[in-house]
Structure formats: C-alpha cells, structure tokens
Amino acid sequence: MIRTAWASVADYAVAPMQDILNLGTEARMNFPGKPQGNWAWRFQTSQLNPWILDRLADLTQLYGRVNELAGSASDGS
C-alpha cells in the first residue's frame, strides 16, 4: 500500500506510521464502537531502524518524490 501511494501522481503521499513500521494490531489507533482506549498509540523515534529508513528513502527516490520534497523546503513553503 505504501508503494502504491508513493507511485501515485498525487502531490503528496501519506502512510500511517504503523504501516511504515510494519506493526500489527497492537498499534491500532481506533476501534470503531469502542468508547475508550482509542488514539493511545504513540510513535517513538527508537522504532525507526536503518532498514525502515532505507526502504522509505529508496521508494522516495524511485518514484521521484525527492526533488518535490527538496523544492518545497527550499522555497519556504
């Protein structure tokens, strides 16, 4: 699903951190119909490892999102 989002022609590609980190139901944020305990999962920087960062970098470069990201940062937007 992440690859599909990054490959799209959309200006922005977004993926849930749980998917990027390849986490299971233990990291689910919302349980419809459950009145409490939702939105409790929090991302920790320690969860990022070199393999995940390399995979995102490869996809970002493969689908040409590198220049778009660099361009938006350099123009002050």
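The values are calculated or read from the model by the stated rules, or taken from the named source; none is laboratory data. What you see is a predicted model, and the numbers here were worked out from it, not measured in a lab. We place every Cβ from the backbone using ideal geometry, glycine too, and count neighbours over all the protein chains shown.
Filtering the stretch 1-21 to residues that are charged (D, E, K, R) and surrounded by 12 or more Cβ atoms within 10 Å (Cβ to Cβ) leaves R3, D19. Selection of the stretch 14-29 for residues being over 10 Å from F43 (Cβ atoms) and of a type in the set (S, T, N, Q) yields N22, T25.
Of the listed requirements (1) within 15 Å of the chain's Cα centre (by Cα); (2) farther than 20 Å from R65 by Cα, G37 misses just one: (1). Taking helices (runs of 4 or more DSSP H) as the structural unit, those lying wholly within the stretch 14-77 and holding at least 2 residues that are hydrophobic (A, V, I, L, M, F, W, C) and modelled with pLDDT under 90 correspond to 65-74. Taking the criterion of being among the hydrophobic types (A, V, I, L, M, F, W, C) and surrounded by fewer than 11 Cβ atoms within 10 Å (Cβ to Cβ), the residues of the stretch 22-59 that qualify are W39, A40, W51.
Whenever a residue of the stretch 1-20 is touching a residue at least 40 places away in the same chain (Cβ under 8 Å), its partners that are of a type in the set (S, T, N, Q), lying with C-beta atoms within less than 8 angstrom and at least six residues away or across chains, give the pairs W6/T60. Could you identify the single residue in M29, M17 that is farther than 17 Å from R65 by Cα and touching a Leu at 6+ places or on another chain (Cβ under 9 Å)? From the options M29, M17, the qualifying one is M17.
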